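Trainee: Supplied in structure tokens, the structure appears directly below.
The values are calculated or read from the model by the stated rules, or taken from the named source; none is laboratory data. Please read all numbers here as calculations on a predicted model, not as lab measurements. With ideal geometry, Cβ positions are generated from the backbone for all residues, glycine too; neighbour counts draw on all protein chains shown. Just so you know, the surface numbers come from the protein's heavy atoms only, side chains and all, with ligands and any DNA or RNA stripped out. Shrake-Rupley method; radii C 1.70, N 1.55, O 1.52, S 1.80 Å.
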Amino acid sequence: MLEQLNRIEQTALSMLDQVRDEAGLQQWRVKHLGRSSSLSQVLSKLGQLPKEERPMVGRRANQIRQALESALVEKSEALQQVAIQRSLEAERLDVSMPGRPAHSSRLHPATQTLRKIYQILAEMGFQIYWSREVETDAYNFELLNMPAHHPARDMWDTFHTTTPGVLLRTHTSPGQIHAMREFAPEPIRVILPGMCYRYEQLTARSEIQFNQVEGLAIGKNITFSDLKGTLADFARRMFGQNVRSRFRASHFPFTEPSAEVDIECFVCGGSGCSVCKQTGWLEILGCGMVHPTVLRNGGYDPEKHTGFAFGVGPERITQLRHRIEDIRYFWGNDMRFLEQF
Ligand code: PHE
């Protein structure tokens, strides 16, 4: 009997040696420690043995059961170690391999300048007012004091839609009328940014589409000094505290008086170079006091209210800041250009 038990133990242990995975381990457990295992059979037949053999055989059988159980635990742990080792091998990362370059995007240079303009004017109390890009002839011209025959219209030829009188705005100034009609007779301090369109031959200096930022302030006792102070401060914040600016008399049908603002050429410091075409000055915007007719068209009484307006070209300012010689780069979608900003 004892010999049979020894054989059972040896067979079980040597078969355990062959086990290679968790499933095999379960099979082994059922076969060698389960209810129908040889060991269990020996134990169940214990009663049939002669009385004096029973204790010895019983003790030995229990010893073997314990030995097999702890061998099972040991084997199970060993198998787990092997599995971990194998997955570490299989999933090994080579952290020294060069990475794939991540393509980072960035803001378009015109957008960067637009945001800078927003920030400066927001600090002065101007809110953004979004106005439409598709306009009517009335808003783009008539209400801005440019009747159908007005020669100033030649400066602003545009794209017309198939609906008569509906066109792409040539400047952000029609937004002035929209803002005034919404807020009159309350005071206004807004900027109107966005795309404008002109029917032009493409040259280094002109594009058929470009951004503008219109500024509009309406209230009581607003004077030309307010306009001058606001724009001189804007120029300093945009181009640097030491950059001088000047106002030059000009003409726009919707402002009176009208002016254009130049800043001192920061390439040559005012002595004259190719960027400023030997004048020492660079033009950055058009402006003026809102024309009484325009105020009236917007719903204000020009006897009681006054206001100023200005229109800046962000691409023009970007050109100056980065010395970009051709305005056509802005909407040409050339990565070699865009990646530089
Ligand atoms: N709308 C003018 C332009 O496009 C600029 C401007 C705006 C001038 C507001 C005066 C006042 O040239």
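Trainee: Using a Förster distance of 51 Å, how high is the FRET efficiency between GLN41 and LEU93, based on the Cβ-Cβ distance and rounded to 0.05?
Mentor: Numbers: r = 52 Å, r/R0 = 1.02.
After rounding, the FRET efficiency stands at 0.45.
Trainee: Measure off, as a whole percent, the carbon and sulfur share of the 1.4 Å-probe accessible area of the range 1-83, all protein chains present. Let's see the in-between values first.
Mentor: Working: 2760 of 5630 Å².
The computed percentage sits at 49.
Trainee: Now for a separate question. Need one number: nm distance between label points at ASN6 and THR111, each 7 Å from Cα along Cα→Cβ, rounded to one decimal.
Mentor: According to this spin-label approximation, the distance is 8.6 nm.
Trainee: Out of ILE84, ILE208, ILE188, any idea which swings most in a Gaussian network model of the chain, alpha carbons joined below 10 Å?
Mentor: ILE84
Trainee: Now for a separate question. Within the range 186-246, what whole-number % of the accessible surface is contributed by carbon and sulfur, with the 1.4 Å probe and all protein chains included in the calculation?
Mentor: Numbers: 1330 of 3040 Å².
The computed percentage sits at 44.
Trainee: Calculate for the chain the 222 nm mean residue ellipticity that helices alone would give, adding -39,500 (n - 2.57) per DSSP H run of length 4 or more and normalising by residue count, nearest 500 deg cm²/dmol. It would help to have the intermediate numbers written out before the result.
Mentor: Numbers: 11 runs with 137 residues, N = 341.
Per the formula, -12500 deg cm²/dmol.
Trainee: Taking amide hydrogens as modeled 1.01 Å from N in the peptide plane, which residues meet the under 5 Å criterion relative to CYS273, leaving out close sequence neighbours?
Mentor: GLN278, THR279, GLY280
Trainee: Highest first, please rank the peptides 289-299, 116-126 by the mean number of other Cβ atoms sitting within 10 Å of their residues.
Mentor: Numbers: 289-299: 20.3, 116-126: 15.7.
Per-residue mean Cβ counts within 10 Å order the peptides as 289-299, 116-126.
Trainee: Compute the orientation-averaged projected area for the range 1-73 from the convex hull of its Cα atoms and round it to one decimal in nm².
Mentor: Values: hull surface 17.9 nm².
Over all viewing directions, the range 1-73 projects a mean Cα-hull area of 4.5 nm².
Trainee: Follow-up. Can you give me the C-alpha center-to-center distance between the range 295-341 and the range 196-262, rounded to a whole angstrom?
Mentor: Rounded to whole Å, the Cα centres lie 9 Å apart.
Trainee: Stretch GLN80-HIS149 to full length: gain in nm at 0.36 nm per residue minus the Cα-Cα span?
Mentor: 15.7 nm
Trainee: Let me ask something else about it. With label points built 7 Å along Cα→Cβ from the Cα atoms of LYS31 and ARG246, find their separation and express it in nm.
Mentor: Distance between the two pseudo-spin positions: 10.4 nm.
Trainee: A follow-up question, please. Once you have a ≥ b ≥ c as the square roots of the Cα gyration tensor eigenvalues for the range 1-155, tell me rounded if a/c is under 1.5, and otherwise prolate or oblate according to whether a/b is larger than b/c. Can you show the working numbers first?
Mentor: Details: a/c = 6.72, a/b = 5.01, b/c = 1.34.
Here the range 1-155 falls in the prolate category.
Trainee: Which of VAL243, VAL134, VAL42 ends up with the largest GNM mean-square fluctuation for the chain, with Cα atoms connected below 10 Å?
Mentor: Comparing VAL243, VAL134, VAL42 in a Gaussian network model of the chain, the most mobile one is VAL42.
Trainee: Starting from the eigenvalues of the Cα gyration tensor, five times each then square-rooted, give me the equivalent ellipsoid semi-axes of the chain, largest first, whole Å.
Mentor: Numbers: eigenvalues 1716, 118, 73 Å².
Square roots of five times the eigenvalues give 93, 24, 19 Å.
Trainee: Here's something else I'd like to know. Measuring from centroid to centroid over Cα atoms, what is the spacing of the range 19-34 and the range 173-187 in Å?
Mentor: Computed from Cα coordinates, the inter-centre distance equals 86 Å.
Trainee: Does the range 92-244 come out rounded, prolate or oblate by the C-alpha gyration tensor, with a ≥ b ≥ c the root eigenvalues, rounded set by a/c under 1.5 and, if not, prolate when a/b is larger than b/c and oblate if not? It would help to have the intermediate numbers written out before the result.
Mentor: On the way: a/c = 2.25, a/b = 1.45, b/c = 1.55.
It is oblate, given that a/c is not under 1.5 and a/b is not larger than b/c.
Trainee: Here's a follow-up. Could you check which residue among HIS178, HIS103, HIS322 shows the biggest mean-square fluctuation in a GNM of the chain with a 10 Å Cα cutoff?
Mentor: Looking only at HIS178, HIS103, HIS322, the biggest GNM fluctuation is shown by HIS103.
Trainee: When the solvent-accessible surface of protein heavy atoms is calculated with a 1.4 angstrom probe, in what order do HIS171, HIS160 fall, highest first? Show your work: numbers first, answer last.
Mentor: Working: HIS171 5, HIS160 120 Å².
Greatest to least solvent exposure: HIS160, HIS171.
Trainee: Counting heavy atoms of the protein chains only and a 1.4 Å probe, report the per residue accessible area for the chain as a whole number of Å².
Mentor: Working: 19680 Å² over 341 residues.
For the chain, the per-residue accessible area is 58 Å².
Trainee: Here is a follow-up. Shape of the range 152-311 from its Cα gyration tensor (a ≥ b ≥ c, root eigenvalues): rounded if a/c is under 1.5, otherwise prolate when a/b > b/c, or oblate?
Mentor: Values: a/c = 2.26, a/b = 1.20, b/c = 1.89.
Oblate is the answer for the range 152-311, as a/c is 1.5 or above yet b/c matches or exceeds a/b.
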